[in-house]
Amino acid sequence: MSGRPHAYGALLAAAALLASAACSSPYDSDSSPKAAAGDRTIRPVEGCGAKAWTNPKDLTPNRTPARCLPGAPPPQPLREPRKLTIATGTLSAEYVAPLQVALDKGEFKKEGLDITLKVLPTPDALPLLAKGDIDALWAAPEAAVMNGVKGGFDIEWVAGNFSPAPKSKSGLWVRLKDGESATHVAMAGRRLGTMIGKGSVIAYPMEKALERHGGGLADIQYQQLGSADVLTALQNGGVDSAWLLDPVWRKVDGKPGYAFLGGQPQGEPLGGMLYGPSLLQDDVDAGVALLRAYIRTVNTYFSADYKADATFVTYLANLLKAEVSILKSTPSLVMDWEIRSGTTSRLQSAYKAQDVAEGSPLPESRTVNRSLYEEAVGHQP
């Protein structure tokens, strides 16, 4: 195991913790009953009509995301206030902005929710989520999550977060060798610099990009680097390629000798909100209320190109403790609370290619639960 990145070691450690805490899986087959969240009455919601839901099978990159009117869905305060803890890997990344804004604007309080955002890496948060020590996780259905569910834990992906704007070039960049063009790059054997080790959801878009250029996930040498070192290593030749995030890719965009090979698929969120038994079974009302506040925040503040509003960008930069100029330098994310069909199957295929998936792939019925956000917007399946 010495040749594997540190993040993969953390992933395995999390999976071991999950497995050790589970006595047996609550699922014996794909036909086993869903959590209590799937057996509730769904009623129409004011301000959320036909556009508040899109067919999960629609994978069109330019698909218009689901939207309600600003201020919708309206709050439905819980009978008794509830304290909830949401773990997240960071509080400063732009994809966390809806949670930060919801907290700052009092959208959670309108539902009777006292929310604490707690910074925890996913490997550390997963066992806590599975045991109910935290209520939700703002992350992604990574390999550790899939392996944990196989170990018997009731953890489900209940809402999406974002997909990239069409003009975004956050993703896989490469230094071109002599004679190479951006249309075909020989990727097999190249050394990839990344902050993210094996088992991350980024494996899926990486696999798609690599396959277009004569390589695959198994053909790449991974070199995990700190966030400040990834770009430097690419520029000085320490690595041949790198996964560059917003706004770092701006440093090489348009410069000779570099090529962008692909990023996260447009129109397909790869992360968002994960629930454990606390909100899937013990208090589904609170689980729906949490998503209702999140969805209302998206509809009110992030419904379109939110960076076109200079005042809001300044507000967001202060909230995220980011520089206004850096926040402005990349296009707005497409905030999207829905989950596309087949995403977790495609992710698991990539995890298998990286040799970090345990056992057989999980069906979507074991990994995804759309019923809570459908209830929040009043969509009847």
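The values are calculated or read from the model by the stated rules, or taken from the named source; none is laboratory data. Source: prediction; values computed, not measured. Don't worry about glycine lacking a Cβ; one is built from the backbone with ideal geometry, like all the others, and counts go over all protein chains shown.
Restricting to region 219-228, name every residue that is under 23 Å from the mean Cα position of the chain (by Cα) and either in the same structural domain as Tyr351 (by TED's automatic domain parsing) or closer than 23 Å to Val356 by Cβ (or both).
Tyr222, Gln223, Gln224, Leu225, Gly226, Ser227
Of the residues Gly179, Gly199, which single one is on the phi > 0 side of the Ramachandran plot and without any contact (Cβ under 8 Å) to a residue 24 or more places away in the chain? Give the derivation first.
On the way: Gly199 fails: without any contact (Cβ under 8 Å) to a residue 24 or more places away in the chain.
The unique qualifying residue is Gly179.
Against the numbered list (1) surrounded by 16 or more Cβ atoms within 10 Å (Cβ to Cβ); (2) under 24 Å from the mean Cα position of the chain (by Cα), Val239 comes up short only at (2).
Being within 19 Å of the chain's Cα centre (by Cα), β-branched (Val, Ile, Thr) and either crowded, with 23+ Cβ neighbours inside 10 Å or within 30 Å of Lys110 (Cβ to Cβ) (or both): is that true of Thr311 here?
Numbers: within 19 Å of the chain's Cα centre (by Cα): no; β-branched (Val, Ile, Thr): yes; either crowded, with 23+ Cβ neighbours inside 10 Å or within 30 Å of Lys110 (Cβ to Cβ) (or both): yes.
Answer is no for this residue.
When region 48-65 is limited to residues that are without any contact (Cβ under 8 Å) to a residue 60 or more places away in the chain and not charged (D, E, K, R), the one that is surrounded by the fewest Cβ atoms within 10 Å (Cβ to Cβ) turns out to be Ala50. Once region 71-103 is narrowed to residues that are touching a residue at least 60 places away in the same chain (Cβ under 8 Å) and more than 17 Å from Ala289 (Cα to Cα), the residue that is surrounded by the most Cβ atoms within 10 Å (Cβ to Cβ) is Ala97.
Hey, among Trp157, Trp249, Trp243, which residue is outside the structural domain of Ala317 (by TED's automatic domain parsing) and within 19 Å of Tyr351 (Cβ to Cβ)? Spell out the reasoning first.
Working: Trp157 fails: outside the structural domain of Ala317 (by TED's automatic domain parsing); Trp249 fails: within 19 Å of Tyr351 (Cβ to Cβ).
It is Trp243.
Let's see how each residue does on (1) assigned by TED's automatic domain parsing to the domain that holds Trp53; (2) assigned to a helix (DSSP H, G or I); (3) more than 18 Å from the chain's Cα centre (by Cα):
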{"residue": "Pro123", "(1), (2), (3)": "yes, yes, no"}
{"residue": "Pro127", "(1), (2), (3)": "yes, yes, yes"}
{"residue": "Gly148", "(1), (2), (3)": "yes, yes, no"}
{"residue": "Gly152", "(1), (2), (3)": "yes, no, yes"}
{"residue": "Lys177", "(1), (2), (3)": "no, no, yes"}
{"residue": "Ala186", "(1), (2), (3)": "no, no, yes"}
{"residue": "Leu192", "(1), (2), (3)": "no, no, yes"}
{"residue": "Gly199", "(1), (2), (3)": "no, no, no"}
{"residue": "Pro205", "(1), (2), (3)": "no, yes, no"}
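Kindly check whether there is at least one residue in region 139-146 that is surrounded by fewer than 16 Cβ atoms within 10 Å (Cβ to Cβ), at pLDDT below 95, assigned to a loop (DSSP other than H, G, I, E, B) and in contact with a helix residue (DSSP H, G or I) (Cβ under 7 Å, 6 or more places away or on another chain). Within region 139-146 (the criterion being surrounded by fewer than 16 Cβ atoms within 10 Å (Cβ to Cβ), at pLDDT below 95, assigned to a loop (DSSP other than H, G, I, E, B) and in contact with a helix residue (DSSP H, G or I) (Cβ under 7 Å, 6 or more places away or on another chain)), the answer is no, since none of the residues qualifies.
Each residue in region 240-264 was checked for being touching a strand residue (DSSP E or B) at 6+ places or on another chain (Cβ under 9 Å) and on the phi > 0 side of the Ramachandran plot, and 2 of them qualify.
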